[in-house]
1. Please enumerate the residues belonging to segment 192-205 that are buried (at least 17 other Cβ atoms within 10 Å of the Cβ) and either of a type outside the set (Val, Ile, Thr) or within 19 Å of Tyr138 (Cβ to Cβ) (or both).
2. From the list Pro221, Pro226, Pro130, Pro125, pick out the single residue that is out of contact with any helix residue (DSSP H, G or I) (no Cβ under 9 Å at 6 or more places or on another chain) and surrounded by 18 or more Cβ atoms within 10 Å (Cβ to Cβ).
3. Considering only segment 105-121, how many residues are touching a Ser or Thr at 6+ places or on another chain (Cβ under 8 Å) and part of a strand (DSSP E or B)?
4. Restricting the search to segment 243-276, which residues are over 30 Å from Leu109 (Cα atoms) and touching an Asp or Glu at 6+ places or on another chain (Cβ under 6 Å)?
5. If the Cβ limit is 7 Å and pairs must be 6+ apart or interchain, which residue in segment 111-130 that is of a type in the set (D, E, K, R) pairs with which residue that is buried (at least 18 other Cβ atoms within 10 Å of the Cβ)?
6. Can you name the condition, by its number, that Val213 falls short on among (1) of a type outside the set (Asp, Glu); (2) in contact (Cβ under 8 Å) with a residue 24 or more places away in the chain; (3) under 15 Å from Thr284 (Cα atoms)?
7. If you take the residues of segment 274-290 that are assigned to a strand (DSSP E or B) and touching a residue at least 24 places away in the same chain (Cβ under 8 Å), which of them is surrounded by the fewest Cβ atoms within 10 Å (Cβ to Cβ)?
8. Quick check on my filter: what residues within segment 32-83 are more than 30 Å from Leu293 (Cβ to Cβ) and among the charged types (D, E, K, R)?
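What follows is calculated from the coordinates using simple rules that are stated; it is not laboratory data. Quick caveat, the model's predicted, so the values are computed rather than measured. Cβ atoms come from the backbone with ideal geometry, glycine included; neighbour counts cover every protein chain shown.
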Amino acid sequence: MKTILKLFGCWVAVSLSMVAGTMPSMMSGQTPAAPANPLHRQYKDGDKLVYQMKGVNEDWHYTIEADGVVKQDAAGKFFEEYQWTKMETAGQPLPLAASAADFRQRITLDPNENPSMPDLSKVDPKMIGPITDMMTFYVDLWLANKLGALRKAGDHFYFRNPMPASSWADGTRVLVGVSAIDFDMTLKAVDVAGGTALLEVKHVPPEKSALPVKAEWTQVPVGTAPNNWMTVSKTPEGKFDAGVGEETFTDEITISLADGHIVSATMDNPVKTIERVCEDEALTKCGAAKPHLILRKIEIALQSGVAH
């Protein structure tokens, strides 16, 4: 999501009225009042957050841990910094590249700061999924917070994304990796007694395709909407694995009303595709089309950390 994330601040027209923390009850025994903005993130330097991510990507099941801490930079801006460790698959440790020990993912829920992705060409390929999925959860909550349109249970906002398709390509193995989505957001619940809010964000195809123009076959809709997902990967044999299709996400994020940190989140991410093996990068000389349904399910849960 690199392109979108770097430019959010330039085109989001609605600003957020910042409200720190939760609204205290007026007197002992009263039902606590809901916060004016249940999505607001109140950072505290040094807070630690440890999340476990569980992923299902077709036949591959894995877990990985994100060990984070809240930091403040020289300009006084808060952010969360994560190290990814303890990756396992089928109950067995899955070693990460040595570079993983030094890699840190910086993300933020501060609506006055623009989220940004690290250079994915410099990370262990096994970490790209966890890194981008974690960013998806944070960007969903960041955008809902930035727009400021969701304040009470049942509030809904549809955000038409004006940006071109965003990229997750690493430039070496994955030459093209793009998707284009709009955001359909609903604040499903505000549980004052339980201290949480529930945000649902659906990533849906735009009315018009924003994918790069390739061969004619890539423009034919695979699903019921214009294609919004494309990938082109180089094979060891010098050919090109190409696919286009319709991708959707449904993310549900549980947020702490105390300070706005993510308590847990789930992602349901089906991609209905057509795939071909091609002789050329322009995708004009290709083999037979093969339908392929990609099913991904991701969840994160806070294991330890802030307790305000």
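1. Within segment 192-205, Thr196, Ala197, Leu198, Leu199, Glu200, Val201, Lys202, His203, Pro205 meet the criteria.
2. Pro130
3. So the answer is 1.
4. Of everything in segment 243-276, those that are over 30 Å from Leu109 (Cα atoms) and touching an Asp or Glu at 6+ places or on another chain (Cβ under 6 Å) turn out to be Gly243, Lys272.
5. Close Cβ pairs (under 7 Å, with a partner that is buried (at least 18 other Cβ atoms within 10 Å of the Cβ)) amount to Asp124/Leu96; Lys126/Met87; Lys126/Leu96.
6. (2)
7. Among residues in segment 274-290 that are assigned to a strand (DSSP E or B) and touching a residue at least 24 places away in the same chain (Cβ under 8 Å), the one surrounded by the fewest Cβ atoms within 10 Å (Cβ to Cβ) is Val277.
8. Arg41, Lys44, Asp45, Asp47, Lys48, Asp67, Lys71, Asp73, Lys77, Glu80, Glu81
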